[in-house]
Amino acid sequence: MRMTLAECVRSAVAALLHATDESQTDLAAALGVSQAQVSRRQAGDAPWSLGDCDAVAAYFEIDVLDLMAGPARAAEALLDARRRTLGRRVPAASQVEQ
């Protein structure tokens, strides 16, 4: 059975959070929403809007179409610099001092 677009986005967000070893709280802070709002979206109780998808994709530095394509494509698009490494969290580009 094929996943719906909403399921693809939720799965992709979960995969990206796992791949980067980031939490819903980290993502919520970057999006300017509460962790509870991210949790509701991930549970399917509230939808990820197109604007949300743009913001999530920008946060993870991937194309929004890769996010919408599902978890495998989103994870493949993730830059190596954003991936977690053994025991070390890699900060988002927006969190790195220039």
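A few remarks follow.
- Filtered residues of the range 20-30 (kept if farther than 18 Å from ASP66 by Cβ and assigned to a helix (DSSP H, G or I)): GLN24, THR25, ASP26, ALA28, ALA29
- Residue check for LEU17: part of a helix (DSSP H, G or I), hydrophobic (A, V, I, L, M, F, W, C), at pLDDT 95 or above and in contact with a Ser or Thr (Cβ under 8 Å, 6 or more places away or on another chain): yes
- Members of the range 41-65 that are within 18 Å of ARG82 (Cα to Cα), outside any loop (DSSP other than H, G, I, E, B) and without any contact (Cβ under 8 Å) to a residue 24 or more places away in the chain: ASP54, ALA57, ALA58, VAL64
- Residues satisfying the stated conditions in the range 40-62, i.e. surrounded by 14 or more Cβ atoms within 10 Å (Cβ to Cβ) and either among the charged types (D, E, K, R) or at pLDDT below 95 (or both): ARG40, ARG41, ASP52, GLU61
The values are calculated or read from the model by the stated rules, or taken from the named source; none is laboratory data. Bear in mind that the values here come from a model prediction, so they are computed numbers and not experimental data. Every residue, glycine among them, receives a Cβ derived from its backbone with ideal geometry; neighbour counts consider all protein chains shown.
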